[in-house]
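First up is the structure itself, then whatever we jot down about it.
The values are calculated or read from the model by the stated rules, or taken from the named source; none is laboratory data. Small disclaimer: the values here were computed from a predicted structure and weren't measured. Cβ coordinates were reconstructed from backbone atoms using ideal geometry, including for glycine residues, and neighbour counts include every protein chain displayed.
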Amino acid sequence: MEAATVNMLIVDDDEVDVQSVKRAFRKAKIENPVTIAHNGLDALAVLRGENGQTPLPQPHVILLDLNMPRMDGLEFLEELRKDPMLRNRVVFVLTTSADERDMAGAYDKQVAGYIVKGKAGDGFTSLTAMLEHYWRVVEFPPFEANGAC
């Protein structure tokens, strides 16, 4: 059976960082679909298919910044893990925060990895290589066509 396309959800309010990640994907010739949400509330709406949107198709990987308005990354993770339809989503934190409390809080909410933007590598090249390898090797949680697990 052929592997499904992995959709990317970037949750970040910094447009420069969003464009840097997208540019790194293009440079690495990664053509996976990318959806952008500018805070945790918008990301939940995308994942749940609220406001007339179609839910983000699975499988998907979420790249999550922590420092955002309205609903920050840790609050988003709290809501995500409480939602029976979304709790098993694969999330990598991609943030400027190297604070050990933020890191511990993220790992307490079962993130797949914690990446500090300043250490992500030249133009996020290391990040894109790691992500591409991840979704080609790792098996994603089972899912149903309607988004339920």
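Pairs only if they're at least six apart or on different chains, beta carbon under 6 angstrom, first in segment 64-83 and over 16 Å from residue 14 (Cβ atoms), second small (Gly, Ala, Ser); list them, first residue then second.
Cβ pairs passing all conditions: 74/105; 75/40.
Give me the residue from segment 99-112 that is among the charged types (D, E, K, R) and assigned to a loop (DSSP other than H, G, I, E, B) and, out of that set, modelled with the highest pLDDT.
Among those that are among the charged types (D, E, K, R) and assigned to a loop (DSSP other than H, G, I, E, B), it is 109.
Residue-by-condition table, conditions (1) loosely packed, with under 15 Cβ neighbours inside 10 Å; (2) of a type outside the set (Ser, Thr, Tyr); (3) assigned to a helix (DSSP H, G or I):
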{"residue": "16", "(1), (2), (3)": "yes, yes, yes"}
{"residue": "19", "(1), (2), (3)": "yes, yes, yes"}
{"residue": "23", "(1), (2), (3)": "yes, yes, yes"}
{"residue": "50", "(1), (2), (3)": "yes, yes, no"}
{"residue": "63", "(1), (2), (3)": "no, yes, no"}
{"residue": "68", "(1), (2), (3)": "no, yes, no"}
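Of the residues in segment 1-57, how many are closer than 20 Å to residue 75 by Cα, acidic (Asp, Glu) and out of contact with any strand residue (DSSP E or B) (no Cβ under 8 Å at 6 or more places or on another chain)?
Qualifying residue count for the region: 3.
Check off (1) closer than 25 Å to residue 5 by Cβ; (2) in a helix (DSSP H, G or I); (3) out of contact with any Ser or Thr (no Cβ under 7 Å at 6 or more places or on another chain) for residue 91 and give me the number that stays unchecked.
All conditions are met except number (2).
Which of (1) free of Cβ contacts under 8 Å to residues at least 60 places away in the same chain; (2) crowded, with 19+ Cβ neighbours inside 10 Å; (3) not acidic (Asp, Glu) does residue 54 not meet, given it meets every other one?
(2)
Conditions first: (1) more than 14 Å from the chain's Cα centre (by Cα); (2) surrounded by 15 or more Cβ atoms within 10 Å (Cβ to Cβ); (3) not β-branched (Val, Ile, Thr). Residue 98 passes all but one, so which condition is the exception?
(2)
Kindly indicate the residue of segment 113-140 that is of a type outside the set (A, V, I, L, M, F, W, C) and part of a strand (DSSP E or B) and also modelled with the highest pLDDT among those meeting that condition.
Across segment 113-140, the extreme among qualifying residues is 114.
Within segment 112-134, does at least one residue satisfy the condition of being under 15 Å from residue 43 (Cβ atoms) and surrounded by 15 or more Cβ atoms within 10 Å (Cβ to Cβ)?
The answer is no; no qualifying residue exists.
Residue pairs, Cβ under 6 Å, 6 or more apart or interchain, first in segment 6-26 and small (Gly, Ala, Ser), second assigned to a helix (DSSP H, G or I). List them.
That search, which allows pairs on different chains as well, returns 20/124; 24/123; 24/124; 24/125; 24/128.
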